[in-house]
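Scroll down for the structure; my scribbles are underneath it.
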Amino acid sequence: TGLYSHSIFQITVDHEINRSERYGKNFTIALIDIDHFSIYNEKNSYIEGDNILNRVAAIIENNTRKVDIAARYSQDQFVIVITETDIDLSLKVIERIRESIVQLSHFNLTVSIGMVAYPDDAKTRTELICKMHEALEAAKFRGGNTVYYFKKRDFATFEKNIVLKKPIIMIVDDVPLN
């Protein structure tokens, strides 16, 4: 895809935490997940899936600054570290990326994006990554094609609003009785 690797992302987060502590600069992390990508791959082939990953990576690269770090996070996930930028401007950048991906209209793609800000939402790399994942799950819980920014007070409300239904258990015995 031409983006940085997951390990470069990890190093960058540590570096940005140190810079933030020294110079008082904020940064934001956004985790981008292509909605239903495995279904897309099965329907259109893995070659076409690779093509989509490259197109999404190009959109991310074209909508971020050279000082920001965009990396491949996992199979169908990308991550962006938006440096020296407050959350409001970061949300505008990420929303522009989401809209650009949706514009690949003949592919019918959407993305879910979870965001977290340093130092407001977390103080360590581990906390940032955990909360970034929680924000992504909240975006997916809302049906996908969503940007969700992690806020401590909002997320507590989100957790209280989750309604879990009791599972229906059906026991099937394929051994006939005597």
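Odds and ends about this structure:
- Cα-Cα separations in region 1-83 greater than 21 Å, expressed as whole percent: 34
- Order by protection proxy (mean Cβ within 10 Å, highest first), peptides 19-27, 138-146: 138-146, 19-27
- Extension gain from ALA58 to SER20, taking 0.36 nm per residue of separation minus the Cα-Cα distance: 10.9 nm
- Quarter of the Cα convex hull surface for region 18-155, i.e. its orientation-mean projected area (nm²): 8.1
- Taken as Cα centroids, region 21-59 and region 72-117 sit 8 Å apart, rounded to the nearest whole angstrom.
- Derived scalar couplings ³J(HN,Hα) [region 25-38; Karplus, 6.51 cos²θ - 1.76 cosθ + 1.60; whole Hz; x for Gly, Pro]: 8, 8, 8, 10, 10, 10, 9, 10, 10, 6, 5, 6, 5, 5
- The label-point distance for ASP50 and ILE11, in a model that sets each label 7 Å from Cα toward Cβ, rounds to 2.6 nm.
- Inter-label distance, nm, simple model (7 Å from Cα along the C-beta direction), GLU99/LYS43: 2.5
- Residue by residue, region 79-93 carries 3J(HN,Hα) couplings of 9, 10, 9, 9, 8, 6, 9, 6, 5, 5, 5, 4, 4, 5, 4 Hz when phi is fed to the Karplus relation 6.51 cos²θ - 1.76 cosθ + 1.60 (θ = phi - 60°); x denotes Gly or Pro.
A short reminder: the numbers here are calculations on the coordinates, not readings from a lab. Source: prediction; values computed, not measured. Cβ coordinates were reconstructed from backbone atoms using ideal geometry, including for glycine residues, and neighbour counts include every protein chain displayed.
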